[in-house]
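The values are calculated or read from the model by the stated rules, or taken from the named source; none is laboratory data. Just so you know, these numbers come straight off a predicted model, no measurement behind them. Don't worry about glycine lacking a Cβ; one is built from the backbone with ideal geometry, like all the others, and counts go over all protein chains shown.
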Amino acid sequence: MVAAIWKIIDSSVAGGPPVILEAPEGTSLKELLAEVSRWAGRPRNLAADGFTDPSLTERTGLPLVETFGDELLEMRGWAYRSHWIGCGSVVTSHRERVVVVIAHREDPAVTGFPEGASWAEKLCILTGWEPVPQPAVDWPAVEADLGTSLPSDYKEIVDLFGPGGFDEYVDLLVPGARGMDLVDWAKSEGYPAPDGLLRWGSSEQEFDFVWQTGTADPDDWPVLVGQYGDWERYDCGLGEFLVRMLTDRMYAFPTSRLDAHFFRSDDFRSIEG
């Protein structure tokens, strides 16, 4: 079923009607939910035991359930970029069926931004940040010290913003930043460790923000967010994660409910020379 979902996502036209797939006979809804969750993250509960969440809107998953009416028994939904994905069960003619729904979604991380803007540039737009001269990071030296290249979006964000935090919610680790040095944190936590986690951010809410390293291309490292080793995976890079953390309510961060966003600069690095 996952292959069929990807095929529809890759071929669907923006604004088209929802696509409904009936799963093969004998498909376990529980196993299907677990399979999709491995790459789409934790789903939202839209309907259970024949009761549909009455608060649903176009922004929170309504397109996944409105087609079925009283036939709907269960539905879990994911916001995946410009698509809604739903897995659930319906009953027709006294027969229960497992279904998959793919519907168009207005992606808040894309809508309203200039075409071709990078994730770092979108963060500047969202926060009203005007880049100021920063002490240059010697990226080749940093990467040699770490023993790995770093994601290009992270380096662009650091070059534009420097040390600091977004919406007083997540603070960036930046090479050379006092108390928030990416390299110092990596070494203190034993990177590279067998689990391949590399911290890039911290939060007063005691959340850990890390990359799951291991793939050859750092731009493919997903983001993990968690507490005490209980991780939620986000199948995207740091830049996209930050933009969605600020704009996408389906990511469920409180920052997405703010009317305006800001970046607090904490540039305590010394400038040599």
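Quick notes on this one:
- Screening residue 62 against (1) at pLDDT below 95; (2) over 22 Å from residue 31 (Cβ atoms); (3) crowded, with 20+ Cβ neighbours inside 10 Å; (4) hydrophobic (A, V, I, L, M, F, W, C) leaves a single unmet condition, (3).
- Residue among 165, 147 that alone is closer than 23 Å to residue 240 by Cβ, out of contact with any Gly (no Cβ under 7 Å at 6 or more places or on another chain) and touching a residue at least 24 places away in the same chain (Cβ under 8 Å): 165
- Whichever residue in the stretch 65-78 is assigned to a strand (DSSP E or B) and either more than 26 Å from the chain's Cα centre (by Cα) or modelled with pLDDT of 95 or more (or both) and, among such residues, is surrounded by the most Cβ atoms within 10 Å (Cβ to Cβ): 75
- Contacts under 7 angstrom Cβ, first residue in the stretch 258-273 being under 11 Å from residue 127 (Cα atoms), partner of a type in the set (A, V, I, L, M) and at pLDDT below 85, 6 or more apart: none
- Candidates in the stretch 79-132 are the residues that are among the hydrophobic types (A, V, I, L, M, F, W, C) and surrounded by fewer than 17 Cβ atoms within 10 Å (Cβ to Cβ); of these, the one that is farthest from residue 4 (Cα to Cα) is 132.
One line per residue, one yes/no per condition, for (1) more than 26 Å from residue 111 (Cα to Cα); (2) among the polar types (S, T, N, Q):
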position: 11; (1), (2): no, yes
position: 22; (1), (2): yes, no
position: 27; (1), (2): yes, yes
position: 33; (1), (2): yes, no
position: 39; (1), (2): no, no
position: 57; (1), (2): no, yes
position: 79; (1), (2): no, no
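- Some residue of the stretch 204-216 being within 18 Å of residue 120 (Cβ to Cβ) and aliphatic (A, V, I, L, M): no
- Residue in the stretch 191-209 that is over 18 Å from residue 165 (Cα atoms) and in contact with a Pro (Cβ under 6 Å, 6 or more places away or on another chain) present: no
- Of the residues 189, 204, 232, the single one that is free of Cβ contacts under 8 Å to residues at least 12 places away in the same chain and either among the hydrophobic types (A, V, I, L, M, F, W, C) or surrounded by fewer than 18 Cβ atoms within 10 Å (Cβ to Cβ) (or both) is 189.
- Residues of the stretch 118-138 that turn out to be under 22 Å from residue 266 (Cβ atoms) and part of a loop (DSSP other than H, G, I, E, B), as a count: 11
- Of the residues making up the stretch 139-163, those that are within 17 Å of residue 180 (Cβ to Cβ) and assigned to a loop (DSSP other than H, G, I, E, B) are 150, 162, 163.
- Whichever residue in the stretch 18-47 is part of a strand (DSSP E or B) and within 12 Å of residue 77 (Cα to Cα) and, among such residues, is nearest to the chain's Cα centre (by Cα): 44
- Exactly one residue out of 242, 198, 224 is in contact with a strand residue (DSSP E or B) (Cβ under 7 Å, 6 or more places away or on another chain) and assigned to a helix (DSSP H, G or I): that is 242.
- Filter pass, residue 259 being within 11 Å of the chain's Cα centre (by Cα) and modelled with pLDDT under 95: no
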